[in-house]
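K.L.:
Just passing along the structure, written as structure tokens.
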């Protein structure tokens, strides 16, 4: 026969269970707007039944208790979110840099390189019409100086972009390593709590939030261990294992999107860091294309100009100075010193403008060094490609943002806190608590009456 206190034990366990259930519901409501919080759910299970032996053996249920408090989160959706977040961050960084590159060239517009180049060739044409006119020579030098100024400015801006981006890459790697250290600290706390039988739900939410921030910076892959710790991988590099972090090296090669540490290379395929590497490569690529254009203009103009005779009777004088690329393009010192050193024709006679006309024609003349394109068409193709790259990156950013929003919505539908649902749950547990309290009160009165009856 069960003890008189058997029912009281059942009622008291029920009270504790429903009290904890109310606390869990309150915790959910309190964190309805907390970033990264996952809704928690309490699981109440029946306790093992008890068999009482006597004349008629009887087996009775012993009530219920709290089995666990778990957090509601879809690991598959979270993994997809991390991947999409990395790719979206990479594309966002790249698009931003491509838009900045478009601003560097300023096309189309009167302040762009194409406008300056066209004006320069127009000035040479005007000189071919009036080869004896010093004003036309002055205009040639002035428009050439404008062309030089714009290509050098574009070159310097792209060089500055690369220097800035390299600094951002170093800072990003440091941030990645800092987040890795924080994840290791949470791993330690989670392992300790899990070993003691506790449910470290809030700590795991904090860790998931750090993983999301980490995925913005670099592409990651995660693996949850049996002790609830997590390992984080970047390609084949283990950034975080259950007990320690293995920091990324600060040495990198943007051209191959790799970090290097001695003989070991770590490939970076996603996240802001990959976007920075892509941005560095884009700046270097368009800077190289500009250098190729400038070198062709300098070589072709100098070849023609050096074969002419200027008004001072001199020959063999280059028009442009500089060895290679846009960075050191300048006018030849002789041209800077005296506009009469600008040659308009081969003979140097006042009516000879054939050389100036040949230089003017370079704008439309196919050049082997430019793949059979003229200088103007080469530059137009370069700007068109840049625009297409920026537009493509922008479209991809929008697509990734839409996918990310969808994944977040799906995850929130599972793990987010619904106030109406939690209020209904709270009322249900409140009534259950009241019922358990009523049961305890009745059993207490019954026991009291029983004790009094034996005391008479």
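Here, each number is a calculation from the coordinates, and none is a lab measurement. These numbers were taken from a predicted model, which means no experiment stands behind them. Using ideal geometry, Cβ is built from the backbone for each residue, glycine included, and neighbour counts are taken over all protein chains shown.
K.L.:
What is the P(r) of region 78-141, as percent of Cα-Cα pairs per 10 Å bin from 0?
P.N.:
19, 23, 19, 14, 11, 8, 5, 1
K.L.:
Going by how many other Cβ atoms sit within 10 Å of their own, how do 150, 340, 207 line up, fewest first?
P.N.:
In increasing order of surrounding Cβ atoms, one gets 340, 150, 207.
K.L.:
What ranking do 221-229, 127-135 get when scored by the average of other Cβ atoms within 10 Å per residue, highest first?
P.N.:
127-135, 221-229
K.L.:
I'd like the orientation of helix 271-306 relative to the chain: the angle between its Cα long axis and the longest Cα principal axis, in ° from 0 to 90, rounded to 10.
P.N.:
It is inclined by approximately 0 degrees.
K.L.:
Please list log₁₀ I(q)/I(0) at q = 0.34 Å⁻¹ for region 310-349, using the Debye equation with identical point scatterers on the alpha-carbon positions.
P.N.:
-1.12
K.L.:
What is the angle, in °, between the Cα long axis of helix 113-129 and the longest principal axis of the Cα atoms in the chain? Nearest 10 is fine, range 0 to 90.
P.N.:
With rounding to tens, the tilt is 10 degrees.
K.L.:
Could you rank the peptides 294-301, 403-410 by their average count of other C-beta atoms within 10 Å per residue, with the highest value first?
P.N.:
Result, highest mean first: 294-301, 403-410.
K.L.:
So what is log10(I(q)/I(0)) for region 130-221 at q = 0.24, 0.25 1/Å, when the Debye sum runs over its Cα atoms only?
P.N.:
Ignoring solvent entirely, the Cα scatterers give -1.11, -1.14.
K.L.:
Compute the distance from the alpha-carbon center of region 150-212 to that of region 348-405, in whole Å.
P.N.:
A separation of 39 Å, based on Cα centres.
K.L.:
So for region 80-400, averaging the separation of alpha carbon pairs under 8 Å that are six or more residues apart and normalising by length, what relative contact order in percent results?
P.N.:
26 percent
K.L.:
222 nm [θ] for the chain, helices only, -39500 (n - 2.57) per DSSP H run of 4+, per residue, to 500?
P.N.:
Roughly -22000 deg cm²/dmol at 222 nm, from the helical runs in the chain.
K.L.:
Under a no-solvent Debye model with one identical scatterer per Cα of the chain, what's log10 I(q)/I(0) at q = 0.09 Å⁻¹?
P.N.:
At q = 0.09 Å⁻¹ the computed log10 ratios are -0.78.
K.L.:
Can you bin region 320-387 into rounded, prolate or oblate? Criterion: square roots of the alpha carbon gyration tensor eigenvalues sorted a ≥ b ≥ c, rounded for a/c under 1.5, prolate for a/b above b/c, oblate for the rest.
P.N.:
oblate
K.L.:
What does the convex hull of the Cα atoms come to per residue for region 208-256, in Å³?
P.N.:
Spelled out: Cα convex hull of region 208-256, divided by residues, is 85 Å³.
K.L.:
Tilt of helix 419-455 relative to the longest C-alpha principal axis of the chain, in degrees (0 to 90, nearest 10)?
P.N.:
Rounded to the nearest ten degrees, it is 20.
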